[in-house]
Amino acid sequence: MTSTDLTNWLKTYGQAWETRNPDAAAALFTEDAAYYETPFGSPEKGRVGIRKYWDSATRNQRDIKFSSQVIVVTNGTGVARWWVEFTGESTGVRVKLDGIFLLDFDETGLCRELREWWHRVELPQEQ
């Protein structure tokens with residue numbers, strides 16, 4: 001895993017989020033991957049669990065814009081900062097998440113484990 005590989009992985013992850021495509025998101029992970037939405041909670045397990053999580057998590061999100069920046073990559077582990085903004089369809093509230101990923105990859109470039117830390121802010125309504 002190189003910095004370029006991680007940049008490309010994050011780009012694909014962001015596209016999956018922006019298009020609310022749980023199949024594309026799940027395809028980025030190994031069959032037995034662990035996906036921690038919060039660093040100390042129970043993980044979603046495997047592609048099936050990750051797909052189910054992604055389907056539920058993005059269902060109410062609209063106008064999604066994802067960005068990321070690689071911080072470091074070493075020995076198959078990557079750290080990246082990410083930002084996403086979206087509008088909640090049911091509330092009309094614009095939300096910004098600002099977070100960090102800790103990612104562990106296998107030799108083929110699929111993610112074995114993802115842990116995320118993030119902060120949520122509701123953005124002011126436009127007048």
Amide H of Ile71: which non-local residues (sequence gap of 5 or more, or other chain) have their own amide H closer than 5 Å, using H built in the peptide plane? Val79, Ala80, Arg81
Just from its helices, what would the mean residue ellipticity at 222 nm be for the chain, if runs of 4 or more DSSP H residues each count -39500 (n - 2.57) and the sum is divided by every residue, rounded to the nearest 500 deg cm²/dmol? -8000 deg cm²/dmol
What whole-number distance in Å separates the alpha-carbon centres of the range 89-110 and the range 60-82? 6
For the range 18-92, size of Cβ-based charge dipole, Lys and Arg +1, Asp and Glu -1, in debye: 20
As I understand it, the value is the acute angle between the Cα axis of helix 46-58 and the longest principal axis of the Cα atoms of the chain; what does it come to in degrees, rounded to 10? 20
Whole-Hz couplings from phi, Karplus 6.51/-1.76/1.60, listed for the range 64-70; x for Gly and Pro: 7, 10, 10, 9, 8, 8, 6
Using the Cα centre of the chain as origin and beta-carbon charges of +1 (Lys, Arg) and -1 (Asp, Glu), tell me which of Leu97, Asn21, Val73 is placed farthest towards the positive end of the dipole. Leu97
Computed over the chain: longest principal axis from alpha-carbon atoms vs helix 3-18 long axis, angle to nearest 10 degrees, is 40
Given a Förster distance of 25 Å, report the FRET efficiency between Gln15 and Thr91 from their Cβ-Cβ distance, rounded to the nearest 0.05. 0.50
Would you mind computing, in nm to one decimal, how far apart the modelled labels at Thr108 and Trp83 are, each placed 7 Å from Cα along Cα→Cβ? 3.5
For the chain, size of Cβ-based charge dipole, Lys and Arg +1, Asp and Glu -1, in debye: 220
Would you compute, for the Cα atoms of the chain, the largest minus smallest coordinate along each principal axis and list the three values in descending order, in whole Å? 49, 29, 26
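Values quoted throughout were computed directly from the atomic coordinates according to the rules given, and no laboratory measurement underlies them. From a predicted model like this one, the values you see are computed outputs, not experimental measurements. Note: ideal-geometry Cβ built from the backbone for every residue, glycine included; neighbour counts use all protein chains shown.
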